[in-house]
Structure formats: C-alpha cells, structure tokens
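What follows is a short report on a single structure.
The values are calculated or read from the model by the stated rules, or taken from the named source; none is laboratory data. Since the structure is predicted, the reported quantities are computational estimates derived from the model, not experimental observations. Here the Cβ is made from the backbone with ideal geometry for all residues, glycine too, and neighbour counts use every protein chain on show. Surface areas here come from the heavy atoms of the whole protein model, side chains and all, with no ligands, DNA or RNA. Shrake-Rupley method; radii C 1.70, N 1.55, O 1.52, S 1.80 Å.
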Amino acid sequence: MTEFRGVIPPVVVAEHEDGTFDAESYQRGLDRMIHAGVHGVFALGSSGEGAFATPSRREEILRATNEVVAGRVPVLAGVIDTQTDRVIEHVKQAEKIGVDGIVATAPFYALGGMPQVERHFRQVGAATDLPLFAYDIPVCVHVKLPPALLMRLGEDGVITGVKDSSGDDVSFRFLLQDNERAGHPLSLLTGHEVVVDGAYLGGADGSVPGLANVDPAGYVRQWNAYQAGDWETVRKEQDRLSDLMRIVMVPSSTTGFGAGVGAFKTALKVLGVFESNKMPEPVSVLLPEEEEGIAQVLRHVGLMD
C-alpha cells in the first residue's frame, strides 16, 4: 500500500504565453520540489487547474507528471467534476495513465444534500481500486464534508484519507480526534498553508500546501521538525512561510484564484522556475508592478538574493 503522508504539494501548471502546456517549466517545478524532499505530488488539484482542464490537457498534465516523477514519490490525481459519472470518467483516465491515488470533491452545481454526497463518494470508491481521498473545499463546491460522514466512509474502506481545505480548523481538529479514536483509518492532510503547525500539533498526517511550489524546502524542514518533536522549529518555519504567503495579498488587479495561484505562478517566474505566469482563460495575468511586489516578499523571506 502506498503511504500518503508528509508534504504533498498540489502542483501548479506551467503554460506558455500562448496558453499551451509548458512541459519544460513544469518539469523544473516538479524536480525542484522532489529534490527538496517532498513526499508526494498532487496533480490537477485546485492549484493545478483540475476543474478547468479539458480532457486532452488533463492527459497531457498527468502523463508529464508521471514521466518526470518516474516513481520517485507517489502521485495523486484530482478527479474534480460536477457529478459522479463525469468523475468516474476522470478516474478511468487516471488509472490508465498510472497514478497512485485519486482526489475527489463532493458533487457540485446540482446540490442535493448529504445523502447524495455520500452516495457520490461510495460510487466513485466502488469504481476503482485506487486509494480515494475526499477533498473538503466548501469555498468551491459549496458543501462542507462533516467529520461524521468522513469517518463513516473511512471506516467502511471507501476513502483512504482527506485533503482538508475547508479553512474550518475546529472541524479539522474534531476530525483528527475522531480519526485517532477510531484507530486512524484515514490519512488526514491539511491544505491550509498558514496554520500547518497547528494541524501538526493536532496530529495531522501531512500537508498539501500550494505555497510549497514556491518554497518546498521550508515545508519539508517543518515536517522534519514535526517528526523530531522540535516544535520551536515547526513554529519558526511556519512564521516564515506565513510571511511568504503574503504574496497572495499583493495583487489588486484580480481576486480569488487569479490572486492566489497567480501569485504562486508569478513567484515561480521571478525565481526562474517558470517561463511565464500565464493563467487559464479568462483569468488575467498579474501586472508588472504586482510581480515586483511579489519579488519584494521573496527577498524579505530569503528566497532571493
């Protein structure tokens, strides 16, 4: 069984200025994270434009991910879509390409309550032998996955773990406690970049921070300190990473995904990892003055001379 724990970044997609996939920049980003010591990668998540990608772009990204990773770390693939049949089509594509696990959200657009959400996860789980992670991201799918539901799915063997991007640290702490009391059937990963230290203090199995595209070494140092019980280093790394996360507050020309993932891509461009900071249409690219503001933050936290 593949172990999913530690730092597993959701990989940001590199694009040329014309919008085509930039395989060379994407490889540089992946190699940089693996060389820093990350414990897995998550392709086609929210940071990886999984909800936007056409079937052909999905295949292009997944194949490139597998080719570059080459078995060095496990690969999770997002199978994010509105309803069950569409998700299962993505699952079959991911199986064919050869990933190590899949990540699915609750269904969205046609909302129908928790019984429908549970049925969705059970049908997706029944359609594959791959480990299935439930992705809790209510800001995008407008459904919060309750700890009781997640524990039921975990104890029944439907899901392997949870990627929590709910921003609800109280609910996640309850889930950590419930999971431990049940014998730890789930691998619980936080996607909340600025409070990873708190999640580790509660016993989380790892993190899935988009910011790790920019500073993978920092998150790996934090994980290693957590494993060693060095809580002072865990906190100090989090303080520095929290300062770095302020890059998402620099943009004023756009908001939401454009500001967040746009800041990650722009930071990677400034660092020489990506050729461009091109965003998927219709999201606008950050302005030159915003790029300079992000460079200032990178210098402040020690990522640039």
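The equivalent ellipsoid that matches the C-alpha gyration tensor of the range 122-181 spans semi-axes of 19, 15, 8 angstrom, in descending order.
Starting from the Kirkwood radius over alpha-carbon pairs of the chain, derive D by Stokes-Einstein at 10 °C in a medium of 1.306 mPa s and give it in µm² s⁻¹. It comes out at roughly 82 µm²/s. As a fraction of the 1.4 Å probe accessible area of the range 55-125, surface on carbon and sulfur atoms comes out at 51 percent. Annotation for the range 219-258 versus the range 93-156: alpha-carbon center distance of 27 Å.
Given the range 181-255, what whole percent of its Cα pairs are spread farther than 20 Å? When all Cα pairs of the range 181-255 are counted, 32 percent exceed 20 Å.
Our analysis of the range 250-299 gives Rg over Rh at 0.92, with the two radii drawn from alpha carbon positions and Rh computed by the Kirkwood formula. Less than 5 angstrom separates the built amide H of Val103 from those of Ala77, Gly78, Val79, Phe133, all sequence-distant by 5 or more or on a different chain. Give the share of C-alpha pairs in each 10 angstrom bin for the range 129-222, from 0 to the last occupied bin, in whole percents, shortest bins first. Values per bin, smallest distances first: 17, 50, 29, 4.
Taking every eigenvalue of the Cα gyration tensor of the range 1-94, multiplying by 5 and rooting it, what semi-axes result, largest first, whole Å?
Gyration-tensor ellipsoid for the range 1-94: 20, 18, 10 Å.
With the highest mean first, a sort of the peptides 94-102, 222-230 on other beta-carbon atoms found within 10 angstrom per residue produces 94-102, 222-230. Approximating the spin labels as points 7 Å out from Cα along Cα→Cβ, the Val139-to-Ala228 distance works out to 3.2 nm.
When the Cα positions of His184, Ala199, Thr254 are compared along the charge dipole of the range 184-264, Thr254 comes out farthest toward the positive end, with charges on each C-beta of Lys, Arg, Asp and Glu. Shape annotation for the range 160-305: C-alpha extents along the principal axes are 51, 34, 22 Å, from largest to smallest.
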